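Novice: Pasting a structure here, questions to come.
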């Protein structure tokens with residue numbers, strides 16, 4: 001049964017062009033071809049990369065973040081409340097106003113206190129700045145090394161080196177899927193998962209069919225801009241705004257050129273039109289081009305996000321925060337403070353009938369005195 005399933009899955013009519021068989025892709029006369037079973041090595045390599053990554057983040061990324069002055073924002077934890085916690089976990093992180101009023105009545109709290117609890121609880125689940133820095137530093141190191149290695153093996157073709165680089169890229173994307181539950185989740189989480197799955201299938205498929213040249217070009221085009229994005233993030237976390245903005249503009253130009261110009265005009269044109277002139281159409285042709293088209297749709301999606309950030313930069317003179325990020329909310333506990341202690345004025349308790357201190361400067365001074373600082 002397993003043999004029959006294997007024969008059907010690897011049927012030559014599905015994956016290979018007409019008049020080409022798997023026997024022609026066997027090693028012979030000093031020629032070495034990639035073999036589908038080689039991709040199985042990517043799984044243990046991916047596990048090794050996960051270990052290397054966490055070691056890198058612990059002993060390189062974290063000390064580097066401290067040396068560059070990356071500091072986590074001080075967060076006030078939400079007070080234990082079983083009713084609010086149950087709603088937060090089971091029904092939603094952002095209750096509607098009617099739900100908020102009902103929860104406040106059930107817990108004997110004011111509406112402001114309930115709102116403050118949910119703000120603090122949401123902030124607890126958001127990753128700290130050092131975690132983001134460590135993740136970005138690992139991706140920057142890998143993408144930069146991968147881009148340099150890919151350029152070397154592509155323009156100085158050493159077949160063993162090309163195979164090793166190809167399998168390393170496959171292992172890296174598998175490791176990204178393995179660590180998804182532990183990584184910072186962004187608003188394009190679904191698109192990232194789709195991208196990783198498509199990339200893994202595309203690398204495995206192109207390797208098995210000896211389409212290493214076209215697959216290498218796709219990987220190299222992606223790596224050429226990815227390390228610039230991660231470098232921009234690193235300088236953003238260290239608040240080196242000018243260098244961050246400069247790198248992001250360079251990244252944007254490289255991204256638009258490689259993924260909106262080179263990718264469709266060179267990669268897609270070759271696989272859609274030129275390949276049919278030489279090989280004809282077969283199932284593998286449609287399968288490969290479907291995967292490439294999904295990648296191109298993701299390129300367009302991310303290009304729209306980049307354009308939005310550039311527009312903000314041109315309008316405000318400063319780059320907007322990453323639109324994919326879940327921005328930390330300001331921890332405002334004015335309502336809670338009003339319930340817990342009397343209003344203070346010039347260091348003394350305000351007497352009934354006295355005019356309240358409601359000016360912006362008084363509110364800011366009150367927050368600073370209570371230990372609150374503006375969120376960055």
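Values in this text are rule-based calculations from the coordinates and carry no lab data. These numbers come from a predicted model, not from an experiment. Neighbour counts run over all protein chains shown; Cβ positions are idealised from the backbone, glycine included.
Novice: If contacts are Cα pairs under 8 angstrom and at least 6 residues apart, what is the relative contact order of the range 169-278 in percent?
Specialist: Values: 51 pairs, mean separation 22.5, N = 110.
The normalised contact order for the range 169-278 reaches 20 percent.
Novice: When each pair of different Cα atoms in the range 74-127 is counted once in the 1/r mean, what is the Kirkwood radius in angstroms, to one decimal? Please report the intermediate quantities before stating the final value.
Specialist: Numbers: mean 1/r = 0.0897 Å⁻¹.
The answer is 11.1 Å.
Novice: Answer rounded, prolate or oblate for the range 131-240, using the Cα gyration tensor with square roots of eigenvalues a ≥ b ≥ c: rounded when a/c is under 1.5, else prolate when a/b is larger than b/c, else oblate. Numbers along the way, then the final one.
Specialist: Values: a/c = 2.45, a/b = 1.48, b/c = 1.65.
Oblate is the answer for the range 131-240, as a/c is 1.5 or above yet b/c matches or exceeds a/b.
Novice: Using only Cα atoms, locate the centre of the range 296-317 and the centre of the range 231-289, then give the distance between them in Å, rounded to an integer.
Specialist: First find each Cα centre; the distance between them is then 15 Å.
Novice: For residue 268 paired with residue 27, estimate the spin-label separation in nm (one decimal), with each label point 7 Å from Cα along the Cα-to-Cβ line.
Specialist: Calculated label separation equals 3.9 nm.
Novice: Full-extension gain between residue 83 and residue 312, please, as 0.36 nm times their residue separation minus the C-alpha to C-alpha distance. Walk me through the intermediate numbers first.
Specialist: On the way: separation 229, 0.36 × 229 = 82.44 nm, distance 4.05 nm.
Computed gain between residue 83 and residue 312 is 78.4 nm.
Novice: Using the basic label-point model (7 angstrom from Cα toward the beta carbon), what is the residue 257 to residue 20 distance in nanometres?
Specialist: Output for this residue pair reads 3.2 nm.
Novice: Also, I was wondering about something else. At a Förster distance of 25 Å, what's the computed FRET efficiency of residue 99 paired with residue 189, Cβ-Cβ distance as r, to 0.05? Intermediate results must be reported in sequence, preceding the final value.
Specialist: Details: r = 25 Å, r/R0 = 1.00.
Efficiency, rounded to the nearest 0.05: 0.50.
Novice: Measuring from label point to label point, each 7 Å out along Cα→Cβ, what is the residue 210 to residue 297 span in nm?
Specialist: My value for the distance between the label points is 3.3 nm.
Novice: Okay, moving on. How would you classify the range 160-301 from its alpha-carbon gyration tensor, with a ≥ b ≥ c the square roots of the eigenvalues: rounded for a/c under 1.5, else prolate if a/b is greater than b/c, otherwise oblate? Walk me through the intermediate numbers first.
Specialist: Values: a/c = 2.05, a/b = 1.62, b/c = 1.26.
In terms of gyration-tensor shape, prolate.
Novice: Need one word for the range 27-114: rounded, prolate or oblate. Basis is the Cα gyration tensor (sqrt eigenvalues a ≥ b ≥ c); a/c below 1.5 gives rounded, then a/b vs b/c decides.
Specialist: oblate
Novice: Can you grab the distance from the C-alpha centre of the range 17-44 to the C-alpha centre of the range 125-199, Å, no decimals?
Specialist: 25
Novice: Highest mean first, what order results for 140-149, 64-73 on Cβ atoms within 10 Å? Provide the component values of the computation, followed by the final result.
Specialist: Details: 140-149: 17.8, 64-73: 14.7.
In decreasing order of mean packing, 140-149, 64-73 become 140-149, 64-73.
Novice: Continuing with the same structure: Pop the C-beta distance of residue 180 and residue 38 into the FRET formula with R0 = 22 Å and round what comes out to the nearest 0.05.
Specialist: On the way: r = 25 Å, r/R0 = 1.14.
So the FRET efficiency works out to roughly 0.30.
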